[in-house]
Amino acid sequence: MACFWARFTEDLGGERRGQPLKDHLNNTANLAAQFAEAFSSEKWGGLAGLWHDIGKYQPKFQDKLKGRAVSVEHSGVGATLAVSKNRSKGMALAFAIAGHHAGLANPTVSEPGQPKPLKERLKENETVLKLISSDLPPEILRMDVPELPKFLKPTPDMPIKDKNVLARRGELWTRFLFSSLVDADRLDSEAFENPDQADQRGKYATIGDLRRRLDDFINRKVADLSKEDQVLPVNQARGRILEACRRAALKTPGIFTLTVPTGGGKTLSAMSFALRHAEKNNLRRVIVVIPYTSIIEQNADEYRQAMGTENVLEHHSSLSPDVQRERYGEEIAGRHELAAENWDAPIIVTTTVQFFETIFSNRPSRCRKLHNVARSVLILDEVQSLPPEYLLCIVEALNELVDHYGCSVILSTATPPALRSRENFKDGLKNIRDIIPDPGDLSVKLKRVEYKWPDLEAPPLEWNDLAQEVAEYDRALVVVHRRKDARDLTRVLQKVKPRDSIFHLSALMCPAHRSAKLAKVKELLKNEHPCLLVSTQLIEAGVDVDFPVVYRVLGGLDSVVQAAGRCNREGRLKGGPGQVIVFQAPTRPPSGTPLKGLAATESMLRSAGGNLDPTDPQVFEIYFRQLYFASNPDARQIQTYRQDFKFADVDRHFRLIEDGFTQTLVVPYGKAGNKIDEIRKQEPNRDRLRSLQPYTIQVYPQTFNRLMTVGAVEEIAEGIYTLTVPFANQYDDTFGLLDEEEPQADAEALVVG
């Protein structure tokens, strides 16, 4: 029998080595079965691995390996075999196998740029399968499609609604199979082609060891507190919250809520719960999901200090390889880059965008890590900040992860959980257990601020009047709706207060720029020096600053409370609580969720006679009910696409951040000039492009086009744009990019993942 090969590679000495195809199929099958065991589907994973590359038994493919053919389609052959074995049950395998290079396809019709529809692929490969059958190992042909897991089997006389639920359940399961196959295939290929790189993977501390390290870290922090700090009400409350988390961690897996006001120590308490819970229930890792990149770094840094840099993967688009190498050294940075491919680290800190697009993407690179979500503890920070039009698919996926993939979910929120199943939201999260027995009582005890609400009948405050009012304070934060609002108010303040005490923050400043400004602000606040900060909503995303006074433009109630979390955060103010002054601005918030949030808050203020108490859980019950009822929770029809197994359409429509809404622009800040020169002089590889991330901003299309028209923008590599040298002064040290006009829809609160 002829020898069939999976691939060839050259050693450093130039010697050519080949991997026998049979070895690759068996290795991939073993790995995929191991991965799929986490969701009780090891036989399915093994079969996907065994059949995924049988198309390489074609003589034409073997010729391609020897350089005698240009392109040969091979992944559709295994898919065709799966369907020939069992038309209905084999479809899940067919989707996974056919897509392991190109991505999960639609069953029939596809849009330009999407993978070819599965049924076309199956039809095209029927003849190929017949031609190569005699060359296939007998054990491959003997294998049959296993029984479906119990949770995917229909019951007699199942109603249409339940059939649709079952179809979507099967769609998610297919994604997990696909992920197991993709990762197994990539890992076996890597082990053959680059064994040194493969050897860098894994080698993490155990969950039990990480739990002990965290306990020691927390104990040291408590011991380091002064006697004065130890008796502060906020620190005593943090201790009670931590103990409640440790007790609740011993419960069986499921969905939990940790409802603690901002500044109550959720970061470490939630992790303490997660590690204890994982240790008790033999779960594999903890995945922390945060809405905004602006707070991932500070949370991940605390976890690294506690549990070791090598065990904590910080994964988001703003973290460049250069930054990782500079921080952690070549070895750990290299291991982190590998772990970002498949999330095999024990602690993952990532963005909401990364996490949910991993679940709903059809692309192999995104989906590769999905199987490692099974049997994990998921800490979801402020999950109600998600766009309401995606709620149905997200909530259903979370319920599925708990019910069928061995996950536990912690909803870590400063406000009562909005996604709980209830009479008017029956599709919500089921069987939620509260970690804190009486979160409303805790809110009252941790109350560190007083709210002053505006008179809705009075005219809005003009920027000049607001600036005069704010200027009465030495230290204050002002949060406004829009980027332009922040610039306008800062400029007015600069006329009435010393410029060196006034700071501005918005997403028109690149991440490196914002980090530098925040570091300066924190230093001034720590030393009680004058500091007035004007910011857009990005400051509300858990940024650890502590002002005695916060001015917040009237908007969604949840956003107002998040802003209040930057006021008297440590409870150290003498003479009374911090002041949160809510005002009406001369501008309105952007359309979409921000505008709907404002409408709901205004309605509640009028009904309550002009005063709201955010410590009352019923207030948020009413608020979120109004907010969600104002939106279609499946506006993009994701659920319909899912139950029809239209994977490519789900990927196209599930966009927590809209593609094309903004254009990425590299700006001349800090070390950006050196990075830009490297791109100009050398081929822009993945590392060089990612090293630009800390120096990028998102601009609206009309702004980008205007800059292009006047010659202010140049393309330094395909699709990579920066300001030209004559226009470098368009990027300002105070405001970031100066030339920006905002459309009605403003993505300020959204952050790329």
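The values are calculated or read from the model by the stated rules, or taken from the named source; none is laboratory data. All values derive from a computational prediction rather than experimental measurement. Every residue, glycine among them, receives a Cβ derived from its backbone with ideal geometry; neighbour counts consider all protein chains shown. Heads up: the accessible areas ignore ligands, DNA and RNA and are worked out on the full protein's heavy atoms, side chains in. Shrake-Rupley method; radii C 1.70, N 1.55, O 1.52, S 1.80 Å.
One table, with the values for the structure above:
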quantity	calculated
Members of region 142-184 found to be closer than 23 Å to GLN34 by Cα, of a type in the set (D, E, K, R) and under 26 Å from the mean Cα position of the chain (by Cα), listed by number	ARG169, GLU171, ARG175, ASP183
Flag if ARG375 is within 18 Å of ALA249 (Cβ to Cβ) and either touching a Gly at 6+ places or on another chain (Cβ under 6 Å) or without any contact (Cβ under 8 Å) to a residue 40 or more places away in the chain (or both)	yes
Any chance ARG284 is open to solvent by 20 Å² or more (accessible area, probe 1.4 Å), touching a Pro at 6+ places or on another chain (Cβ under 9 Å) and not aliphatic (A, V, I, L, M)	yes
Filtered residues of region 14-43 (kept if among the charged types (D, E, K, R) and assigned to a helix (DSSP H, G or I))	LYS22, ASP23, GLU37, GLU42, LYS43
Hits in region 508-548 - residues which are under 25 Å from SER691 (Cα atoms), out of contact with any helix residue (DSSP H, G or I) (no Cβ under 6 Å at 6 or more places or on another chain) and open to solvent by 10 Å² or more (accessible area, probe 1.4 Å)	ARG514, SER515, ALA516, LYS517, LEU518, ALA519, LYS520
Near pairs, Cβ below 9 angstrom, 6+ apart or cross-chain, from region 187-198 (farther than 15 Å from HIS24 by Cβ) to any residue that is polar (S, T, N, Q) and modelled with pLDDT of 95 or more	none
Test: SER88 is within 25 Å of ALA38 (Cα to Cα), assigned to a loop (DSSP other than H, G, I, E, B) and either open to solvent by 40 Å² or more (accessible area, probe 1.4 Å) or aromatic (Phe, Trp, Tyr) (or both)	yes
Qualifying residue in region 100-121 (condition: open to solvent by 70 Å² or more (accessible area, probe 1.4 Å), among the acidic types (Asp, Glu) and at pLDDT 95 or above)	yes
All positions within region 328-367 that are among the acidic types (Asp, Glu) and open to solvent by 20 Å² or more (accessible area, probe 1.4 Å)	GLU330, GLU331, GLU337, GLU341, ASP344
Members of region 472-494 found to be surrounded by 17 or more Cβ atoms within 10 Å (Cβ to Cβ) and outside any helix (DSSP H, G or I), listed by number	TYR473, ARG475, ALA476, LEU477, VAL478, VAL479, VAL480, HIS481, ARG482
Single unsatisfied condition, GLY440 versus (1) under 22 Å from ILE622 (Cβ atoms); (2) at pLDDT 85 or above; (3) part of a helix (DSSP H, G or I)	(2)
Condition met for ALA82 (surrounded by fewer than 17 Cβ atoms within 10 Å (Cβ to Cβ) and either farther than 27 Å from PHE645 by Cα or at pLDDT 95 or above (or both))	no
Region 192-230: number of residues that are open to solvent by 50 Å² or more (accessible area, probe 1.4 Å), among the hydrophobic types (A, V, I, L, M, F, W, C) and either at positive phi or outside any loop (DSSP other than H, G, I, E, B) (or both)	2
Contacts under 7 angstrom Cβ, first residue in region 45-72 being at pLDDT below 90 and part of a loop (DSSP other than H, G, I, E, B), partner open to solvent by less than 40 Å² (accessible area, probe 1.4 Å) and not acidic (Asp, Glu), 6 or more apart	VAL72/GLN58; VAL72/PHE61
Test: VAL710 is free of Cβ contacts under 8 Å to residues at least 24 places away in the same chain and either among the aliphatic types (A, V, I, L, M) or under 22 Å from LEU595 (Cβ atoms) (or both)	yes
Region 665-695: number of residues that are of a type in the set (Gly, Ala, Ser), part of a loop (DSSP other than H, G, I, E, B) and either in contact with a Phe, Trp or Tyr (Cβ under 6 Å, 6 or more places away or on another chain) or open to solvent by less than 40 Å² (accessible area, probe 1.4 Å) (or both)	1
Residue check for ALA237: of a type in the set (Gly, Ala, Ser), touching a strand residue (DSSP E or B) at 6+ places or on another chain (Cβ under 8 Å), part of a helix (DSSP H, G or I) and open to solvent by less than 10 Å² (accessible area, probe 1.4 Å)	no
Matching helices (runs of 4 or more DSSP H) fully within region 562-664 where at least 1 residues are touching a residue at least 24 places away in the same chain (Cβ under 8 Å) and surrounded by fewer than 16 Cβ atoms within 10 Å (Cβ to Cβ)	593-607, 617-629
So VAL383, is it of a type in the set (A, V, I, L, M), under 22 Å from GLU37 (Cα atoms) and open to solvent by less than 20 Å² (accessible area, probe 1.4 Å)	no
Residue list for region 386-419, filter: small (Gly, Ala, Ser), open to solvent by 20 Å² or more (accessible area, probe 1.4 Å) and closer than 20 Å to ILE657 by Cβ	none
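Conditions tested, residue by residue: (1) in contact with a Phe, Trp or Tyr (Cβ under 6 Å, 6 or more places away or on another chain); (2) at pLDDT 80 or above; (3) open to solvent by less than 40 Å² (accessible area, probe 1.4 Å); (4) not hydrophobic (A, V, I, L, M, F, W, C).
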{"position": "ILE697", "(1), (2), (3), (4)": "no, yes, yes, no"}
{"position": "GLY711", "(1), (2), (3), (4)": "no, yes, yes, yes"}
{"position": "VAL725", "(1), (2), (3), (4)": "no, yes, no, no"}
{"position": "TYR731", "(1), (2), (3), (4)": "no, yes, yes, yes"}
{"position": "GLU740", "(1), (2), (3), (4)": "no, no, yes, yes"}
